[in-house]
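The values are calculated or read from the model by the stated rules, or taken from the named source; none is laboratory data. Computed from a predicted structure; not experimentally measured. As a convention, Cβ positions derive from the backbone with ideal geometry for all residues, glycine included, and neighbour counts pool all protein chains shown. Just the protein is used for accessible areas: all its heavy atoms, side chains included, with ligands, DNA and RNA removed. Shrake-Rupley method; radii C 1.70, N 1.55, O 1.52, S 1.80 Å.
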Amino acid sequence: MSRNSLAPGAAGLHLVSDLPLLRPDEQVFTAMLDGWRNQQLARNLAFSTIEGREKTVRAFARHADAFPWTWSPQMLDEWMGDLRAVRGLKRSTLRNYQGAVRSFCEFAVDPAYGWAATCEERFGTHPIQVVHEWNAAVHVEDAEADAAKWPFTQDELQAFFDYADDQVTKVRGRGRKGWLPAFRDAVLFKTAYAFGLRRNETRMLDTVDFGRNPEGPEFGDYGVCYVRHGKAKKGSPRSAAAC
């Protein structure tokens with residue numbers, strides 16, 4: 001197999017075989033992360049996703065004080081225990097961290113990329129998968145919010161909207177310049193609740209994203225909201241939908 005036919009992220013694209021390294025541990029680990037990044041880019045993953053995963057893997061390496069070819073499931077268990085018991089991270093965050101480490105280990109042990117063979121040659125050992133069914137959280141519910149949190153009742157929601165409107169009136173009545181941002185915020189709150197939008201979906205809205213709804217003609221040109229910057233689906237940079 002020629003060098004040009006190697007898969008994105010393969011060891012042969014990032015390290016020269018038999019070349020001595022000044023700091024082999026650090027340099028091989030960095031090369032592995034670079035290779036993983038290229039593999040994820042080839043999969044069309046978002047840059048923010050790739051960067052977040054790399055930060056997670058580096059954080060695990062720092063906590064374990066070890067490089068991937070010496071990681072063990074026990075090291076991951078200790079890290080998860082520290083994050084949950086000491087730092088109080090949410091379950092969804094821990095699950096995302098586990099997913100990032102699992103993905104990196106899958107890449108590192110895949111024979112197609114040659115990193116296991118490279119580590120065996122240079123360090124006498126190789127990476128293994130450290131995230132398994134028995135030490136990883138399972139995503140079984142769509143909503144993972146704390147039980148102490150609950151959605152607004154209709155009366156609470158109306159009081160919230162009234163308060164936002166009152167702020168506009170108060171600021172404008174004082175002759176201050178801040179009434180326009182206050183009005184913008186009040187409108188955004190109502191729009192987000194009316195169409196069930198996420199934060200980024202709301203932030204990226206434009207006036208051209210609204211249109212007529214044949215099922216609700218009484219709303220005129222604002223009966224439907226076309227979300228152009230929705231939450232990305234697997235393998236896609238973003239998802240579009242109508243609300």
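Listed values for the range 168-175 are Karplus-derived 3J(HN,Hα) couplings in whole Hz (6.51 cos²θ - 1.76 cosθ + 1.60, θ = phi - 60°), namely 5, 5, 5, 5, 5, x, 8, x, and x replaces Gly and Pro. Ligands, DNA and RNA left out, the accessible area of the range 62-211 computed with a 1.4 Å probe is 53% carbon and sulfur.
Hey, got a sec? Which trypsin sites (Lys or Arg not before Pro) in the range 178-213 land in a DSSP loop and have at most 14 other Cβ atoms within 10 Å?
ARG198, ARG212
Remark on ASN213: its backbone amide H falls under 5 Å from those of GLY223, VAL224, a criterion applied only to residues 5 or more positions apart or on other chains, H modelled at 1.01 Å from N.
With a Förster radius of 35 Å applied to the beta-carbon distance between LEU188 and ASP82, the computed FRET efficiency rounds to 0.35.
Taking only the Cα atoms of the range 108-230, the radius of gyration and Dmax are 25.3, 75 Å. Here the Karplus relation 6.51 cos²θ - 1.76 cosθ + 1.60, evaluated at θ = phi - 60°, turns the backbone of the range 149-164 into coupling constants of 9, 8, x, 4, 6, 4, 5, 5, 5, 5, 5, 5, 5, 5, 4, 4 Hz, with x for every Gly and Pro.
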